[in-house]
Structures are given as C-alpha cells and as structure tokens.
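Step one of this worksheet: look at the structure below.
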Amino acid sequence: MGALDGQTVVFTGAGAGIGRAVVRRYVAEGARVVAVDLSEQVLELTDELGDAVRPLVADVSTWAGNTAAVATALDAWGRLDVFVGNAGITDAARPLEDIPGEQLTGAFGELFGVNVLAPLLGARACLDALIESRGSIIITGSFASTNAAGGGVLYTASKHAVHGVIRQLAYELAPDVRVNGVAPGVAPTRLRGTTALGQTAADSVLDGTREALPLQEIPSVDAYSGLFTMLASRTDGQAMTGVLVTADSGLSVRGIARPGGRV
Ligand SMILES: NC(=O)c1ccc[n+]([C@@H]2O[C@H](COP(=O)([O-])OP(=O)(O)OC[C@H]3O[C@@H](n4cnc5c(N)ncnc54)[C@H](O)[C@@H]3O)[C@@H](O)[C@H]2O)c1
C-alpha cells in the first residue's frame, strides 16, 4: 500500500529537476498526478508513468494555466486532494547593484510572477476542490526562504514571500486544508533564469558548493521526494500545517572556520 493511494494531485514545475523526481515518487506511492510545466519535456512523463499522469503544458503564472490544470484533474478523476506549487525561476544570484534600474520592474514582475503569484493562483484555482476533499497544499520554498545569499535579492525576497504565503494560507484554510512547504538547500538542476535580465538557465550547484555544505555532499534531486510525500500523506502529515520543512544539508548551522565540526 502506498502513502498516497487514491489521492489526486496538481503538480507544477513537473517537467524537470526536483518536481519530476517528486512526481515519480508520488506515482510510486499510489497518486495520480496532473503534471504541469511550461516545457514540453513534461509530455515525456506519459511514456514513463502511463495513465497515472496527465501532462499539461501551461504557464502557471497565468490564471488560465491554473484553471486548466484543475479542470484536467477533475475531468479525469473527479476529485483533487493535493496542490503542489513547485515551478520556480532564478535570478542567478544577481546583486541589486548589477540590475539596471530600468530592468528592475520587469525582472521583479517576471520572477515574482512565477515564484509567488503562480502558487497563489494555483491555490486559488484548487481551493473549492481541496476544501471538499479536505486536502493539502505544498509550496516549494528554499534555503533562501529564511536566509540571505541563497540567491540574489529578487529570488531571496520571492522565497521569503513563499514562507509568508504558506503561513497565512495555513491560517486562512484551517481546519479544512493543510498548507506546508519544503525548503531545499541545493540540488543539481538547471533553473530557468529571468528573461528580463537577459538570463537563460543556470546550474543550481556552483563551484565550491559541496565543500561549503556541512554534510559535504550535493543531494540528488530525489533527496526531497520523501518530504513532499510526508506532507501530502493524510496519515504522516496529518498534524502539520504552516510548516516549511528545511532540508539544507546543514547550511543554516554552518561553522565559521569549518563548515562542520568533523569536516
Ligand atoms: N535546485 C536547487 O538547488 C533549488 C534549491 C532551493 C529551491 N529550489 C526550488 O525548487 C523548485 C524546482 O526547481 P528545480 O531546481 O527543480 O529547477 P528546474 O528548472 O529543474 O524545475 C523547475 C520547473 O519549473 C518550470 N517552470 C518555470 N516557470 C514556469 C511557468 N511559468 N509555468 C510552468 N512551469 C514553469 C520549468 O520549466 C522547470 O521544468 C523551484 O521552486 C526552485 O526555486 C531549487
């Protein structure tokens, strides 16, 4: 028996990286998933996972993209138990002084549009169905949700905002819908950059990152799947709401002289 048997999920940013790994795990745990991504890469999931997945190419920073995702789940399975807002983009750690003033408004709108507005639109679009099923919402935060220097000022501000969204929605939706988040430290992915800053995609793991981590290993994209599963589970996650679960390889307890006491 799987931890998510019988549950149906709308999952954004499912085409690559952490999201793709979690969707594989959700299906292995018995869930059926509408896998949403801007990239057509998400269509490959049908070959791999069959009928348990309905891929949808859509822009989740739009209301229409989110309503299409909910409609796909309800048409296919008649219910919705979990919304995971995971799609994200980066600013490639661009400092404020390196962002020309005339590009700032566009860059802010684009980055906050994906990292903050999209999970809000998704939560709003899923709301009636989640209240009916007494389901849950999970949003992907970051080390940058509670710390500086996990990105540039736009990314850090957006991921701090995600923390606020989780806490406020957990309050607003209790007792009917649980709302939590997962805050990864690093994973070997290539996050899309902010077009308004002329960025394409950037490696999430920079030179020297492994040595800086107290745990001294770059976690694989699979390292976070168990946490997303626990939060979605109606048994293991039943007492959790308003929580951002941190999995940062020890970054927030890093030492000054050495990253870890036994390094
Ligand atoms: N990789 C890391 O080190 C790391 C660390 C902390 C947090 N995160 C967060 O994890 C989440 C997943 O990122 P990842 O590292 O797996 O990167 P990724 O680029 O592999 O995955 C993100 C996916 O989101 C999709 N996406 C972007 N904008 C979209 C939009 N408007 N509509 C629909 N889909 C869109 C992309 O196409 C991509 O497939 C993000 O929220 C990111 O901020 C990543």
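Just a yes or no: is a residue in segment 153-169 open to solvent by 30 Å² or more (accessible area, probe 1.4 Å), within 17 Å of the chain's Cα centre (by Cα) and of a type in the set (Lys, Arg)? Within segment 153-169, one or more residues are open to solvent by 30 Å² or more (accessible area, probe 1.4 Å), within 17 Å of the chain's Cα centre (by Cα) and of a type in the set (Lys, Arg).
Considering (1) touching a Gly at 6+ places or on another chain (Cβ under 8 Å); (2) under 30 Å from Ala239 (Cα atoms); (3) open to solvent by less than 40 Å² (accessible area, probe 1.4 Å); (4) within 14 Å of the ligand (Cβ to nearest atom), the lone condition that Tyr224 does not fulfil carries the number (1). Highlighted here are the strands (runs of 3 or more DSSP E) found entirely within segment 120-202 that include at least 1 residues which are within 12 Å of the ligand (Cβ to nearest atom) and free of Cβ contacts under 8 Å to residues at least 60 places away in the same chain: 136-140.
Scanning segment 7-47 for residues that are without any contact (Cβ under 8 Å) to a residue 40 or more places away in the chain and more than 15 Å from the ligand (Cβ to nearest atom), we see that the one that is nearest to the chain's Cα centre (by Cα) is Val27. Here is the figure for segment 206-263: residues that are of a type in the set (S, T, N, Q), in a loop (DSSP other than H, G, I, E, B) and more than 30 Å from Pro175 (Cβ to Cβ) total 3.
The values are calculated or read from the model by the stated rules, or taken from the named source; none is laboratory data. Just so you know, these numbers come straight off a predicted model, no measurement behind them. Note that each Cβ is placed from the backbone with ideal geometry, even for glycine, and that neighbours are counted across all protein chains shown. The area values use the complete protein model at the heavy-atom level, side chains included, leaving out ligands, DNA and RNA. Shrake-Rupley method; radii C 1.70, N 1.55, O 1.52, S 1.80 Å.
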